[in-house]
Amino acid sequence: MTKPLEGIRIIDFTHVQAGPACTQLLAWFGADVIKVERPGSGDVTRNQLRDIPDADALYFTMLNSNKKSLTLDTKKPEGKEVLEKLIRESDVLVENFGPGALDRMGFSWERLNELNPKMIVASVKGFSDGHHYDDLKVYENVAQCAGGAASTTGFWDGPPTISAAALGDSNTGMHLAIGILTALLGRDKTGKGQKVAVSMQDSVLNLCRVKLRDQQRLERVGYLEEYPQYPHGEFSDVVPRGGNAGGGGQPGWVLKCKGWETDPNAYIYFTIQGHAWEPICKALGKPEWIDDPAYKTAEARQPHIFDIFQTIETWLADKTKFEAVDILRKFDIPCAPVLTMKELANDPSLRASGTIVEVPHKKRGTYLTVGSPIKFSDLKPEVTASPLLGEHTDEVLASLGYSQQQIFNLREVKAV
Ligand code: CAO
């Protein structure tokens, strides 16, 4: 099967998570992704949180599948020369170095554009260019704080809270992938490359769009009726943390199921969709609520929504999270069990769809990873192992026209 991005060569100058998540996605869809890594050490995640001595850590393998690895010291003149050749023959360069690192290496946007005017140069930074924090290095949790996620996540009586989802890292990488594909389509029309930049702060904020909605509503009316603080609690002039409340017009909460006393994940998320009130009452065995003025409308329910949730918990007390969802789904109620990583890893549906995949690796044996969450009718992205450090150095150099002797010489000066 011809893959849509086949023939697109990408210089993957990324490390840790934000950049690698982007280039991994493009590699799944057929791009020839060449990861450029420092000789001897490579991407820092190869060594971080290792579970098997001397084998690449899962942190690396799960973010760098389907790529090639070229070791290259791009601070040495010989390394720079190789990189220049590669730039001349590539379509995209992706990087997520700290601010100014690429410039210091001698590869500013102007220089890259001069070397290959058709190349797209894509960058992730913590903050956007010109921002008053644009000199800062940034990791995931820093971005979650800077992008509005932390101040709006957690419980009102606790501190700002970080989400386990990689809103700053992988999310930014996904934004960058969209930018790169857009620039590639643009290049088809203009023949020119361009610079694509995504900041982690902006990407987090983009996902916190509804919280900016709430800030404006709060400023106008002084309260937010879908938050647990309404109507009994107090609002300040900033969007509060809403615990597990539903973020839209549908109230919801995480509710205890059978076994919650010993199993920290024996919960479901239950949503009270306005028009589903009648089926909810039927499912709960509370037909008398259907026409009761104290329950009939969303406005009437809101002041005692937590009493309603408590009644639902009483109903859930003798049902496991899976049994509960199996009943509620028949009534068309939006809900789900709170699933653990162990349950997800072994979920037969996720295995069948290719969302959870087992990948054979030269040193690790088989490892589990998340495959493409994007499904196509004419493409089944196949996940192959992440490369060993420098596994493809000879192959890439040969493709650039280097002879065996020249490759030997590059090794002698430790440029590769
Ligand atoms: N050969 C020679 N030198 C190399 C090289 C190579 N192949 N690859 C990288 N380097 C050099 C860089 O040129 C840079 O050198 P100088 O600082 O001397 O100019 C140096 O390695 C370190 O780069 P860095 O600043 O990116 O690395 P760091 O570990 O200090 O910071 C991070 C890491 C992630 C905080 C920073 O890269 C960053 O802020 N990136 C942008 C935001 C981002 O993507 N963060 C998400 C990371 S995922 O959690």
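The values are calculated or read from the model by the stated rules, or taken from the named source; none is laboratory data. This one's a predicted model, so the numbers in the text were calculated from it and none came from an experiment. Note that we place each Cβ from the backbone using ideal geometry, even for glycine, and neighbour counts take in every protein chain shown. Ligands, DNA and RNA are excluded from the accessible area calculation, which covers all protein heavy atoms including side chains. Shrake-Rupley method; radii C 1.70, N 1.55, O 1.52, S 1.80 Å.
Number of Lys-Lys pairs in region 250-332 under 18 Å by Cα, sequence gap 8 or more or different chains?
12
I'd like the orientation of helix 18-28 relative to the chain: the angle between its Cα long axis and the longest Cα principal axis, in ° from 0 to 90, rounded to 10.
The angle comes out at about 80 degrees.
Quantify how much of the Cα-Cα distance distribution of region 250-332 extends past 19 Å, in percent.
Cα-Cα pairs of region 250-332 separated by over 19 Å account for 32 percent.
What whole-number distance in Å separates the alpha-carbon centres of region 270-325 and region 178-205?
Distance between centres, Cα-based: 46 Å.
Are there trypsin sites (Lys or Arg not before Pro) in region 115-176 that DSSP marks as loop and that have at most 16 other Cβ atoms within 10 Å, and which are they?
Counting only loop positions with at most 16 other Cβ atoms within 10 Å, the trypsin sites (Lys or Arg not before Pro) in region 115-176 are Lys118, Lys137.
Need one number: nm distance between label points at Glu234 and Asp103, each 7 Å from Cα along Cα→Cβ, rounded to one decimal.
Output for this residue pair reads 4.7 nm.
With every protein chain kept in the model, how would you rank Trp315, Trp109, Trp289, Trp156 by accessible area, 1.4 Å probe, largest at the top?
On the way: Trp315 40, Trp109 65, Trp289 15, Trp156 120 Å².
The ranking, largest first, comes out as Trp156, Trp109, Trp315, Trp289.
Over every pair of different alpha-carbon atoms in region 54-115, take the mean of 1/r and invert it; report that Kirkwood radius in Å.
Roughly 13.5 Å, rounded to one decimal.
Tell me, what is the 1.4 Å probe accessible area of Lys85, in Å² to the nearest 10?
Here the accessible area works out near 80 Å².
With the Cα gyration tensor of the chain in hand, give its eigenvalues times 5 under a square root as the equivalent ellipsoid semi-axes, listed largest first in whole angstrom. Let's see the in-between values first.
Values: eigenvalues 465, 123, 69 Å².
So the three semi-axes of the chain are 48, 25, 19 Å.
Set the Förster distance to 35 Å, then compute FRET efficiency between Val221 and Phe155 from the Cβ-Cβ distance, nearest 0.05.
0.90
If you roll a 1.4 Å probe over region 27-158 with all protein chains in place, what percent of the accessible area is carbon or sulfur?
51
Determine which residues of region 73-101 fall in the zone a paramagnetic label at Lys414 would reach in this model, i.e. backbone nitrogen under 12 Å from the point 7 Å along Cα→Cβ.
It comes to 73, 76, nothing else.
Would you tell me the accessible area of Asp263, worked out with a 1.4 angstrom probe on the heavy atoms of the protein chains, in Å² to the nearest 10?
60
Normalising by the residue count of region 169-253, find the relative contact order in percent from Cα pairs under 8 Å and 6+ residues apart.
Here the relative contact order equals 20 percent.
Express in nm, to one decimal, how much length is gained between Ala197 and Trp260 on full extension, taking 0.36 nm for each residue of separation and deducting their alpha carbon distance.
Separation in residues times 0.36 nm, less the Cα-Cα distance, equals 18.2 nm.
What are the principal axis extents of the Cα atoms in region 238-388, in Å, biggest first?
Between the extreme Cα coordinates on each principal axis of region 238-388 lie 65, 38, 36 Å.
Ordering Tyr295, Tyr227, Tyr59 from largest to smallest accessible area (1.4 angstrom probe), what's the sequence?
Numbers: Tyr295 40, Tyr227 10, Tyr59 65 Å².
Output order, biggest surface exposure first: Tyr59, Tyr295, Tyr227.
If the reach is capped at under 26 angstrom between alpha carbons, list the lysines near Lys76, excluding any in the same chain fewer than eight residues apart.
By straight Cα distance, Lys76 reaches Lys35, Lys67, Lys68, Lys85, Lys118, Lys125, Lys137, Lys195, Lys414.
How far apart, in nm, are two points set 7 Å out from the Cα along the Cα-to-Cβ line at Lys380 and at Gln405?
Once both label points are built, they end up 4.9 nm from each other.
On full extension of the chain, what length is gained from Leu339 through Glu395, given 0.36 nm per residue of separation minus the C-alpha to C-alpha distance?
Between Leu339 and Glu395, full extension yields an extra 15.9 nm.
Just the accessible area per residue of the chain, please: how many Å² with a 1.4 Å probe?
51
Quick check: at a probe of 1.4 Å, how many percent of the accessible area of region 250-332 sits on carbon and sulfur atoms? Walk me through the numbers on the way to the answer.
Numbers: 2380 of 4450 Å².
Carbon-and-sulfur percentage of accessible area, whole number: 54.
Once ligands and nucleic acids are excluded and a 1.4 Å probe is used, how much of Tyr223 is accessible, expressed in Å² to the nearest 10?
90
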